[in-house]
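Below you'll find the structure, written out as structure tokens, and then a few comments.
The values are calculated or read from the model by the stated rules, or taken from the named source; none is laboratory data. Not measured: the values here are computed from a predicted model. Here Cβ is always computed from backbone atoms with ideal geometry, including for glycine, and neighbour counts include all displayed protein chains. Each accessible area value is taken on the protein alone, full model and side chains, heavy atoms only, with ligands, DNA and RNA left out. Shrake-Rupley method; radii C 1.70, N 1.55, O 1.52, S 1.80 Å.
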Amino acid sequence: MVRSDNQAAEITFEANREKTMAKKQLKELKINRDWCKGCGICVSFCPKNVLELDSKDTAVVARPEDCICCMLCELRCPDLAIEVLTEQDKDNE
């Protein structure tokens, strides 16, 4: 079967899109406890309840295995106290 230029371009596009859209895996979720003022915004925005406030009203990572790397905690933190470090899923490289 001979492929046209359009078919070849579509296949290339799909392969590139899969690489770009590869699932991210959590490498580390860093919380700078000196910067965190305990507002709870990160806790509220986390769709998987990964974060909690501790007894000192500071954000802590309670369930890192549930993190889907959506980055909402990092993006919404008004104190810039959260950094989500990811690595690309090795299956999609």
So, of the residues in the stretch 66-93 that are at pLDDT 95 or above, of a type in the set (Asp, Glu) and in contact with a Leu (Cβ under 9 Å, 6 or more places away or on another chain), which turns out to be surrounded by the fewest Cβ atoms within 10 Å (Cβ to Cβ)?
Glu83
Take the stretch 36-65 and flag every residue that is assigned to a helix (DSSP H, G or I) and open to solvent by 70 Å² or more (accessible area, probe 1.4 Å).
Ser44, Phe45, Glu65
Can you find a residue that is surrounded by 16 or more Cβ atoms within 10 Å (Cβ to Cβ) and at pLDDT 95 or above anywhere in the stretch 18-27?
no
Show the residue pairs that are 6+ apart or on different chains and have beta-carbon atoms under 6 Å apart, the first residue being within the stretch 72-93 and under 15 Å from Glu28 (Cα atoms), the second being at pLDDT below 95 and of a type in the set (A, V, I, L, M).
Gln88/Ala22; Asp89/Ala22
